[in-house]
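To start, the structure under review is shown below, and the notes come after it.
The values are calculated or read from the model by the stated rules, or taken from the named source; none is laboratory data. These numbers come from a predicted model, not from an experiment. FYI the Cβ positions are ideal-geometry reconstructions off the backbone, even for glycines, and counts take in every protein chain you see. We work out accessible area using only protein heavy atoms, side chains counted, and drop any ligands, DNA or RNA first. Shrake-Rupley method; radii C 1.70, N 1.55, O 1.52, S 1.80 Å.
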Amino acid sequence: MSAVLAKPHKDEQIVSVDPATGKELGSIDVSTPDEVREAVSRSRQVFHKWKTTSFKTRRRLVMNAREVILDEMDDIAHLISAESGKPFGEAIAMEIAPVLDLMQWVARGAEKMLRPRRVGIGLYRLLGRSSKIVYRPLGVVGIIPAWNYPFSIPLGEAVMALMAGNTVVLKPSELTPLVGLRIGDIFEKAGFPEAAVQIVSGGGETGASLVEAAPDKIMFTGSVATGKKIAAAAAKDLTSVVLELGGKDPMIVFEDANLDLAAGAAVWGAFCNAGQSCSSIERLYVHESVAETLTRKIVEKTRGLRQGRGDREDISVGPMSSERQLKIVEEHVAAFREAGAKIEIGGRRADTTVRTDAESADPDKFGPTPSLFYEPTVITGATNEMRPMQEETFGPTLPIATFKTEEEAIRLANESEFGLTASVWTRDYAKGKRVAEQIDAGSVCINEVLYTHGIGQTPWGGFKNSGRGRTHGLEGLMELVQPQHIHINRIAILPDAWWMPYTPTAVETFRGLATKFASGSVLKTAALLPQLLKRIRELMRKYKG
Ligand code: NAD
């Protein structure tokens, strides 16, 4: 099944639009609730076969998919750039490269990570028992991603789900439907069985239909508000959900940090993808003694950025994805101004002419004059009391606040409903680690920012309102399987002492189990043996009688 989505709804179609130019890129039928239900049901049928495939087969197919991506890399990057607005190079660096790495890691490593595991069961071993855990796939995994990393996030989640033996129904964001369809195309070209991965298209209603169709797991990436709706809807069928939600990520710069590097990292961390990353730096706390120097370096670097349409290789900052998102940025900047903060650079829509003359002369293909560019904006004098320091902005703004002590820096960083990522900048690694371990966030970098989603081997997810559950890493793989405990009694010739009927001898034995066996001590348990034998003899007599 395929369909596309796009920004303005045209009845049952969505139209995909380039946010830099307003050009229509394509339109796709919205999947009806029935079609979504059918997709889930077809997925469940295919699952019963797919779950029996060997890891070798799965690995081969995922590696084929990598080859397809490598062959079509520039074309895919152009599509990501056109539909999301991000620079072409950034689409390669921040979406294609990391997901290719994740694919080879999980293709090669899933078998080992999901290998049945023996578990130590203490003194039960003395009773001839053993236990192992096998990891069984869940079934149908429904993926509902955001638009900001429209390729790497859903593709990575789909590959991990498939390697674990699940099948996938993906509903891409309505802002990036063509990239979603391209993901389906890659799996098809790689030779995956039909319907192992299906794409359904549409906006929030289609996402809601997917939840309603009760897949066996939902991997959701998006806003806190939608995450709550999905968790509530999924509860009806007890569908388990991983929620990857918003962030307001802090960067703490101590006085001993390398300020040139910290400035470069802040600019990249705040403005890549036009600030539309869940782990964008949205709050910078700098020690007051170096605040002026760091701010000057950040402003200089920001001034040097070129903004424009993402298909040019000298462009660092593209447009915002939608008018709705841009309005939030404008509102936050106005609120900062009103609260007394200072706009050092930026603070307005960019006056960027992005259309060629030929494009401007083609009114059928281009919508109203686009104005989705917002200048990279550096704000000083911010404090946590200012409202936009507490709400996710998701745009190219970098508010800077100061602190005096390590304790204050930690308190300010933790004063947020979010806890996705954070970073600490210092040359003193002991201090860096000490601070990192006190920050409430799913990933904390020392002298690095933002990019850890790109390390597929490590768990990704948030504390507090930034999410529930994990994607990536062993922890993320474990979200996509259910552990099954296989327990074996190798001396199944005697009844268990705790079986019925209960008698005074049984109760005495249970006392012994509680005080001796459950102590974990072999010596104490040895002292229980006569009582155990007495009880077992009693049971055997009763069984025979
Ligand atoms: P959003 O919540 O508006 O939409 C996300 C997805 O949910 C879309 O595919 C949308 O169609 C779908 N949806 C909307 N309503 C739905 C409903 N009722 N039921 C089912 N599906 C529904 O978010 P967005 O604007 O696309 O993305 C921006 C947000 O995503 C930001 O908050 C950002 O921080 C977050 N994000 C988080 C991560 C992470 O890894 N934590 C990564 C990327 C983006």
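General remarks:
- Residue satisfying all of: in the range 437-490; hydroxyl-bearing (Ser, Thr, Tyr) and outside any loop (DSSP other than H, G, I, E, B); nearest to the chain's Cα centre (by Cα) among these: Thr471
- Qualifying residues in the range 360-374 (those that are surrounded by 15 or more Cβ atoms within 10 Å (Cβ to Cβ) and either farther than 18 Å from Ser277 by Cβ or in contact with a Phe, Trp or Tyr (Cβ under 8 Å, 6 or more places away or on another chain) (or both)) - the one modelled with the highest pLDDT: Ser371
- Residue match in the range 441-456 (condition: out of contact with any Leu (no Cβ under 7 Å at 6 or more places or on another chain), at pLDDT below 95 and more than 16 Å from the ligand (Cβ to nearest atom)): no
- Extreme residue, nearest to Phe418 (Cα to Cα), among residues of the range 428-442 that are free of Cβ contacts under 8 Å to residues at least 40 places away in the same chain and open to solvent by less than 60 Å² (accessible area, probe 1.4 Å): Gly442
- Verdict on Met163 being under 20 Å from the mean Cα position of the chain (by Cα), open to solvent by 30 Å² or more (accessible area, probe 1.4 Å) and more than 15 Å from the ligand (Cβ to nearest atom): no
- Hits in the range 179-208 - residues which are in a helix (DSSP H, G or I), open to solvent by less than 20 Å² (accessible area, probe 1.4 Å) and touching a residue at least 60 places away in the same chain (Cβ under 8 Å): Val179, Gly180, Gly184, Ile186, Phe187, Ala190, Thr206, Gly207
- Only listed residue being surrounded by fewer than 18 Cβ atoms within 10 Å (Cβ to Cβ) and at pLDDT 95 or above, chosen from Thr383, Thr397, Thr393, Thr353: Thr383
- Just one of the listed residues (Ile281, Ile343, Ile328) is at pLDDT 95 or above, touching a helix residue (DSSP H, G or I) at 6+ places or on another chain (Cβ under 7 Å) and within 16 Å of the ligand (Cβ to nearest atom), namely Ile281.
- Selection status of Glu212, within 14 Å of the ligand (Cβ to nearest atom), open to solvent by 30 Å² or more (accessible area, probe 1.4 Å) and either touching a Ser or Thr at 6+ places or on another chain (Cβ under 8 Å) or of a type in the set (D, E, K, R) (or both): yes
- Subset of the range 238-278 (residues that are within 13 Å of the ligand (Cβ to nearest atom), in contact with a strand residue (DSSP E or B) (Cβ under 6 Å, 6 or more places away or on another chain) and either modelled with pLDDT under 95 or assigned to a helix (DSSP H, G or I) (or both)): Ala274
- Qualifying residues in the range 99-138 (those that are modelled with pLDDT of 95 or more, surrounded by fewer than 20 Cβ atoms within 10 Å (Cβ to Cβ) and in contact with a Ser or Thr (Cβ under 8 Å, 6 or more places away or on another chain)) - the one farthest from His472 (Cα to Cα): Ile121
- Exclusive hit being of a type outside the set (D, E, K, R) and open to solvent by less than 10 Å² (accessible area, probe 1.4 Å), set Leu175, Leu170: Leu170
- Breaking point among (1) within 16 Å of the ligand (Cβ to nearest atom); (2) over 30 Å from Leu155 (Cβ atoms), for Arg434: (1)
- Scanning the range 285-314 for residues that are assigned to a loop (DSSP other than H, G, I, E, B) and open to solvent by less than 10 Å² (accessible area, probe 1.4 Å) returns Gly308, Gly310.
- Options Gly191, Gly222, Gly227, Gly202; residue that is over 16 Å from the mean Cα position of the chain (by Cα) and within 8 Å of the ligand (Cβ to nearest atom): Gly202
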